[in-house]
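Single-structure report; data block below.
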Amino acid sequence: MRKLMREVSIGLLFLFVLATAVFADGSIYSTRAFGVSWYFPSGQAVGMGGVAMSSVDSQHLNWANPAALPASQTVQVSCVFLYQHLKINSKTQVFKTGYANFNGVMFSVPVHKRMGVAFGIQPLTNINLKIKRRDAIKNNIYTKSVKSSGGLNSFFLMIGYRPLKSLLVGIGTNFIMGKMEENWRVDFIDSHFRDNFDQFRTKAWGMNYTVGVIAEPLPGWHLGGIYGFSSNLHLKFETSYYSADIKTSKNATTTYPKKIGIGTSYHWKGRWQVGFDFVTQDWQNFQLGEEKPNETIREYRYAGGIEFTPSRQTHAFYLKQISYRAGFTYSQPYFLGYNGEKLHSYLFTFGFGLPFAHQTGVLDLSFEIGKMGDLEKNMFAENIFRMVVFITSNERWFVR
């Protein structure tokens, strides 16, 4: 409950001081629960709105469904980079924030003509918010600031197998870890006043499993899905009140909820691909030990997208080898807004797949443009612009 009260107070403080000096790096909603979810399932998928459940492509690694691994015929390394620009609106003012960072790496090896393995690390959620306000008490000027950072990350190991020509299955192990930190600081200009600093830190760790399947019931038509099992997530809460020299620590266990995803895609003439996905994760029964926060709900995501590649021939004119993509995403985050109302996000996406010479890799450049939150219902509305870059190299180390 105290964590919830701190989050609500951040929202009210943010709204109150927007007209003064405020600086933030990420989403105003990133302090909710474990932070804002990141979902970038592949370089191909991001440009198509996030369609990945049934995606099978030898040039791209599928981070979402382990069943897609046998499609890879080469050793592949994929790195992700993210740039985000937000325009955050309140009823009193508008301001802008920026964020850029390395966002994950995945390494895949074909160990058999029917089997592939992969491992890597990627962020699951992100917390990144700074609020700063200058005020005075009887002409004694002070600065009050709140800084929140961290999130959950996943180190994963996946195995995919093709028992039949038209059937792929896979399993993944996810080692979940993370640290969420919130620092409250009051700094006085006058040295006769004592500065204050409080720190609230949560460490999390756990492990769960994901199984996946992709089938091709008819030529060019794929069906796919994943099931992520629920698991225990261990938490350690550390609180430090430095001005009073008080430190406390408490352990708890919660349930990391199951995740379900289904999707379908159709490939036509080797040049066109269209697909649709639905992914959901139920956080409404999420508990912190015996305490149940009231800001978590069911998360869901609808996605649809299309891809067009004029030619798959390596000797074709380069512009014809580029893949052109577009899509959309409609989602409900797993947390409520600061006033207890549901949030909704709308994203339009487009992107390009730029192949390297001799099929040695691909540069996937994708863009997301959209909105999260409603100014009338949620106190804040965010206009979103993201650029997501995947760099994937393909090397033939082994001959199958």
Query raised in the report: Which residue pairs have Cβ atoms under 6 Å apart, sit 6 or more places apart or on different chains, and have a first residue in the stretch 132-158 that is on the phi > 0 side of the Ramachandran plot and a second that is surrounded by fewer than 17 Cβ atoms within 10 Å (Cβ to Cβ) and assigned to a strand (DSSP E or B)?
Result: Gly150/Glu181
**Report entry** Selection count, the stretch 243-280, where residues are without any contact (Cβ under 8 Å) to a residue 12 or more places away in the chain and basic (Lys, Arg)
**Finding:** 2
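Residues are listed down the side, and each one gets a yes or a no for (1) among the aliphatic types (A, V, I, L, M); (2) surrounded by fewer than 18 Cβ atoms within 10 Å (Cβ to Cβ); (3) assigned to a strand (DSSP E or B):
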position: Phe348; (1), (2), (3): no, yes, yes
position: Gly353; (1), (2), (3): no, no, yes
position: Val362; (1), (2), (3): yes, no, yes
position: Lys371; (1), (2), (3): no, yes, yes
position: Lys377; (1), (2), (3): no, yes, no
Query raised in the report: Is there a residue in the stretch 113-120 that is at pLDDT below 90 and surrounded by fewer than 21 Cβ atoms within 10 Å (Cβ to Cβ)?
Result: yes
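Having 1 or more residues that are at pLDDT below 95 and over 20 Å from Ser30 (Cα atoms) is the bar; report the strands (runs of 3 or more DSSP E) wholly within the stretch 176-255 that clear it. I'd like the intermediate steps shown before the answer.
Values: elements: 196-218, 221-228, 231-241.
Ranges flagged: 196-218, 231-241.
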Query raised in the report: In the stretch 98-132, what count of residues is obtained for those that are of a type in the set (Lys, Arg) and assigned to a strand (DSSP E or B)?
Result: 2
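Could you check, for the stretch 150-173, whether at least one of its residues is over 32 Å from the mean Cα position of the chain (by Cα), farther than 30 Å from Ile88 by Cβ and modelled with pLDDT under 85?
Narrowing the stretch 150-173 to residues over 32 Å from the mean Cα position of the chain (by Cα): 164-165.
With the extra rule that they be farther than 30 Å from Ile88 by Cβ, the set shrinks to 164-165.
With modelled with pLDDT under 85 added as a condition, the list becomes none.
Looking for residues that are over 32 Å from the mean Cα position of the chain (by Cα), farther than 30 Å from Ile88 by Cβ and modelled with pLDDT under 85, one finds none in the stretch 150-173, hence no.
Go over the candidates Phe278, Phe308 one by one and state the one that is more than 26 Å from Ile171 (Cα to Cα), surrounded by fewer than 17 Cβ atoms within 10 Å (Cβ to Cβ) and touching a Phe, Trp or Tyr at 6+ places or on another chain (Cβ under 7 Å). First the steps, then the outcome.
On the way: Phe278 fails: more than 26 Å from Ile171 (Cα to Cα).
After applying the criteria, what remains is Phe308.
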Query raised in the report: What is the number of the single condition among (1) over 30 Å from Asp190 (Cα atoms); (2) touching a helix residue (DSSP H, G or I) at 6+ places or on another chain (Cβ under 7 Å) that Ile131 does not meet?
Result: (1)
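The values are calculated or read from the model by the stated rules, or taken from the named source; none is laboratory data. Predicted model, so just to flag it, every value in this text is computed and none were measured. In this analysis, Cβ positions are derived from the backbone assuming ideal geometry, glycine residues included, and neighbour counts consider all displayed protein chains.
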